[in-house]
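Notes to accompany the following structure.
The values are calculated or read from the model by the stated rules, or taken from the named source; none is laboratory data. Owing to the predicted nature of the structure, the values given are computational and were not obtained by experimental measurement. As a convention, Cβ positions derive from the backbone with ideal geometry for all residues, glycine included, and neighbour counts pool all protein chains shown. Side chains included, ligands, DNA and RNA excluded: accessible areas come from the protein's heavy atoms. Shrake-Rupley method; radii C 1.70, N 1.55, O 1.52, S 1.80 Å.
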Amino acid sequence: MRRLSERGIPFEQWLTLQQSDRLLDALPGLGLPSPDRIIVNGRHGRPLTGLGDVLFWLSRIVRWTVVNLSRARRKLGKKSIIVVHGDTMTSVVGAVLARMLGADCAHVEAGLRSGNWRHPFPEELDRRIVGRIAQIHYAPSPEAEAALRGRKNVVPTHGNTVIDAILDRASSQGTNVEAPYGIVLLHRFEFLNNSPLVARTLESLANSSPLKLLLVLDDHARHALREQLPNLDPTKFELRDKLSHALFVELVTSASFVVTDSGGVQEETALLGIPTLIHRIATERSEGLGHNAVLSQWNVDTLTTFLNTYSEYRRPVSPPEDSPSELIVEDLISRGYQN
């Protein structure tokens with residue numbers, strides 16, 4: 001969106017706010033304008049934390065579509081496209097809206113596959129659904145391109161746009177003066193709903209980490225861990241609320257290591273060369289694996305070993321030759337979507 005603005009290309013930003021007002025708070029720090037349309041704002045302004053919230057959220061989207069579809073269809077130009085990103089339910093909603101509005105759909109971060117529909121869930125299914133609806137597929141890696149073999153309009157971007165989000169702010173990064181620390185960000189439903197695994201993971205972190213741990217919590221994680229959090233050793237764990245992207249990148253840049261189940265963070269730490277333990281059964285991303293990153297497959301012994309040897313995984317920063325965002329914008333322009 002910043003690249004489009006720099007070129008004076010008009011666009012609208014539509015939000016469904018699964019994470020409610022946290023995304024609105026993050027927009028200024030990302031250099032993005034206020035949204036043109038808020039289709040739905042979580043559940044009464046609160047983030048989605050369970051199946052009931054998701055069903056309510058989907059019903060509100062259906063209601064918005066029924067009320068606004070005809071008007072939105074008339075407003076769209078003859079050459080319009082809806083661009084969706086990643087693997088959330090919002091990506092599916094955007095792709096379906098594109099079809100209902102008679103617009104094209106482009107999928108940024110297309111083609112990533114873990115090969116296991118349960119992990120990550122529902123993200124693996126979300127990607128496959130969007131992949132069947134979208135007309136243009138912006139694939140961030142050779143593996144993603146291979147998964148889309150046989151589809152038309154598969155465009156390699158040589159990385160995800162998260163790379164640009166970090167590099168655009170690299171010059172403004174300050175030096176973190178905190179003592180050495182590790183970052184823990186675990187927020188996926190499939191992990192947080194596995195109480196025995198959560199207990200073993202927290203025990204390993206407490207017993208094996210040689211450094212203080214900054215435990216970054218979004219609303220869902222804080223709710224899911226509400227019984228465990230009071231029992232954490234305050235000399236080992238420091239709780240941090242979810243940060244804006246700019247502040248989080250600054251925190252990650254200065255971290256000694258990261259333990260996470262976030263695919264986006266996996267991409268960011270691969271770029272920055274930060275030692276990273278990906279605490280998941282499977283990952284659809286290849287970034288960092290075999291270099292700065294280790295996939296645990298939920299094996300806590302692997303986590304323990306990583307905590308004792310993390311320094312071996314440090315790598316230099318490795319920016320790509322091309323900007324993924326620039327490649328996407330150039331391709332959209334070449335297809336006539338600039339007006």
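Sparse packing (at most 11 other Cβ atoms within 10 Å of the Cβ) combined with a DSSP loop state is found for the following trypsin sites (Lys or Arg not before Pro) in the range 132-171: Arg149, Lys152. For the chain, the per residue solvent-accessible surface stands at 47 Å², with DNA, RNA and ligands left out and a 1.4 Å probe. Compute the longest continuous run of the chain that contains no exposed GluC sites (Glu not before Pro); treat a site as exposed when its DSSP state is not H, G, I, E or B and it has at most 14 other Cβ atoms within 10 Å. The longest uninterrupted stretch comes out as 13-177.
If you take all other residues with their beta carbon under 12 Å from the beta carbon of Ser204, and give Lys and Arg +1 and Asp and Glu -1, the sum is 0. When the trypsin sites (Lys or Arg not before Pro) in the range 219-326 are filtered for DSSP coil states and for at most 14 other beta-carbon atoms within 10 Å of their beta-carbon, the remaining sites are Arg226, Arg314.
Among rounded, prolate and oblate, which fits the range 26-105 when a ≥ b ≥ c are the square roots of the eigenvalues of its C-alpha gyration tensor, a/c under 1.5 means rounded, and a/b larger than b/c means prolate?
oblate
Report the per residue volume, in Å³, of the convex hull enclosing the C-alpha atoms of the range 180-339. Could the numbers behind the result be given before it?
On the way: hull volume 21.8 nm³, N = 160.
That works out to 136 Å³ per residue.
Which distance in Å, rounded to a whole number, links the C-alpha centroids of the range 74-125 and the range 183-247? After rounding, the separation between the Cα centres reads 31 Å. Here the sum of -39500 (n - 2.57) over DSSP H runs of 4 or more residues, divided by the residues of the chain, equals -11500 deg cm²/dmol at 222 nm, to the nearest 500. Beta bridges per DSSP, both residues in the chain: antiparallel share near 5 percent.
Leaving ligands, DNA and RNA out of it, report the carbon-plus-sulfur percent of the accessible area of the chain at a 1.4 Å probe.
Carbon-and-sulfur percentage of accessible area, whole number: 53.
Assign one of three labels to the range 117-254, namely rounded, prolate or oblate, based on the Cα gyration tensor with a ≥ b ≥ c the square roots of its eigenvalues; rounded applies when a/c is under 1.5, prolate when it is not and a/b is larger than b/c, and oblate otherwise. Oblate shape, in that a/c is at least 1.5 and b/c is the bigger or equal ratio.
Please identify every one of the chymotrypsin sites (Phe, Trp or Tyr not before Pro) in the range 83-190 that sits in a loop by DSSP and has no more than 15 other beta carbons within 10 Å of its own beta carbon. Show your work: numbers first, answer last.
Values: sites: Trp117, Tyr138, Tyr181, Phe189; in loops: Trp117.
Hits after loop and neighbour filter: Trp117.
When all alpha carbon pairs of the chain are counted in 10 Å bins from zero, the resulting P(r) reads 5, 24, 34, 25, 9, 2, 0 %.
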